[in-house]
Amino acid sequence: MKNDVIVGLGSNIDPMTHIEKALTQIKTRFLNVNVSEFIFTEPIGFKDQAHFCNGAVRFTTDLSAEALKSWLLALEDALGRIRTENKNGPRSIDLDILVWNGKIVDPDVGERDFLQSALKALQPTLF
């Protein structure tokens, strides 16, 4: 079964390089890839860091949600993501499943205008 997915991408450590590398891997692995506009946003929570570059990508996959999450975590690791206790700290790349088959599955979407803008661009019927 093909699943219709939207994944959020964010980075504030060499963001253009890391986002481009992540998009290249996603475009290589998945079908029907569409990319939103990327915008720079102020950090949330921990303010003493660089602005983030954020956007989203929509694609189809035959992976389950769990398998896709594992694939995304492995891609984060491959792109140098270092996990710390600071959930809002700097990162080379952050990849999160935002929408799964037309349903918003990440609670951050409701709190972050930049995520809502990206989703509206990729799937206007969500709102």
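Where a number appears in this text, it was derived from the coordinates with a stated rule and is not lab data. Remember, predicted model here, so these are calculated numbers, not experimental data. Glycine also receives a Cβ, built like all others from the backbone with ideal geometry; neighbour counts cover every protein chain displayed.
Per-structure values
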read-out: Degrees separating the helix 15-29 axis from the principal Cα axis of the chain, which is the longest one; value: 20 degrees
read-out: Percentage, to the nearest whole number, of Cα pairs in the chain over 20 Å apart; value: 40 percent
read-out: Nearest 10 degrees, 0 to 90: helix 65-78 Cα axis against the chain principal axis; value: 40 degrees
read-out: Rg followed by Dmax, in Å, when segment 51-121 is reduced to its Cα trace; value: 12.8, 34
read-out: Helix axis angle, 113-122 relative to the chain longest principal axis, alpha carbon, degrees; value: 30 degrees
read-out: Over 21 Å (Cα to Cα) - which of Lys21/Lys120; Lys27/Lys47; Lys21/Lys69 fall in this group; value: Lys21/Lys120; Lys27/Lys47
read-out: Filtered GluC sites (Glu not before Pro), segment 58-100: DSSP coil and at most 15 other beta carbons within 10 Å; value: Glu85
read-out: Relative contact order (percent, whole number), segment 12-127, Cα cutoff 8 Å, 6+ residue spacing; value: 29 percent
read-out: Among Ile44, Ile13, Ile26: highest mean-square fluctuation, GNM of the chain, C-alpha pairs under 10 Å; value: Ile44
read-out: Chymotrypsin sites (Phe, Trp or Tyr not before Pro) within segment 1-59, DSSP loop, no more than 15 other Cβ atoms inside 10 Å; value: Phe46
read-out: Fewest-first ranking of Ser117, Ser36, using other Cβ atoms within 10 Å as the exposure measure; value: Ser117, Ser36
